[in-house]
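Heads up, the thing below is written out as structure tokens.
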Amino acid sequence: MHRRSTWRGKYVDLWSIPHVISGIVIAYLVFFAGIKFDVGFWIALSIGIGWELFERVTRLSRTEAYTNSLGDIVCAQIGFVAAFLLLQKFNSPAAEGVIIFILCAIFGILCLLGYRAFKYYG
């Protein structure tokens, strides 16, 4: 598989991972703010749609397929739902800081690699 195609898929690609992670982080924030699931779901969805619109308006994703933008939104929502439901079942304050740190590190590394691939391959 060509390196460019791993960052630019029709539905999902390597950018899907940071979108899932962003959904997880939003779930953590919503859960610990005491916001109910249904309200948090709409907050996460609004953020996901807002981000994709921001990418379009700023031309940050000038070559991204519309189906991939939809896939990014779905991936963020999957991350949100899974994390929120797991937090309701397994709430471990000792592990939460470590989990968020690891997720943010993975998010940052993938975004850096994706940005470099975007600059190199266009």
>> With just the Cα atoms defining each centre, how far is segment 17-64 from segment 83-101? Give it in Å.
In response: 18
>> Please list, in order along segment 79-91, the HN-Hα scalar couplings obtained from phi with the Karplus expression 6.51 cos²θ - 1.76 cosθ + 1.60 (θ = phi - 60°), rounded to whole Hz, x for Gly and Pro.
In response: x, 4, 4, 4, 5, 4, 5, 5, 5, 5, 8, 10, 9
> Sorted by accessible area (1.4 Å probe), largest first, how do Asp38, Asp72 line up?
Replying inline: Asp38, Asp72
> What does the convex hull of the Cα atoms of segment 16-122 come to per residue, in Å³, rounded to a whole number?
Replying inline: 90
> How would Val30, Val98 rank on accessible area, largest to smallest, probe 1.4 Å?
Replying inline: Val98, Val30
> On full extension of the chain, what length is gained from Gln88 through Phe54, given 0.36 nm per residue of separation minus the C-alpha to C-alpha distance?
Replying inline: 9.1 nm
> What's the carbon and sulfur percent of segment 49-101's accessible surface, probe 1.4 angstrom, rounded to a whole number?
Replying inline: 75
> Suppose R0 equals 22 Å; then what is the FRET efficiency for Ile106 and Ile47 from their Cβ-Cβ distance, rounded to the nearest 0.05?
Replying inline: 0.70
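The values are calculated or read from the model by the stated rules, or taken from the named source; none is laboratory data. Because the structure is a prediction, the values reported are computed rather than measured. Counting neighbours? That spans all protein chains shown, and the Cβs are built from the backbone with ideal geometry, glycine included. The protein model used for the area step is the full one, side chains on, heavy atoms only, and it has no ligands, DNA or RNA in it. Shrake-Rupley method; radii C 1.70, N 1.55, O 1.52, S 1.80 Å.
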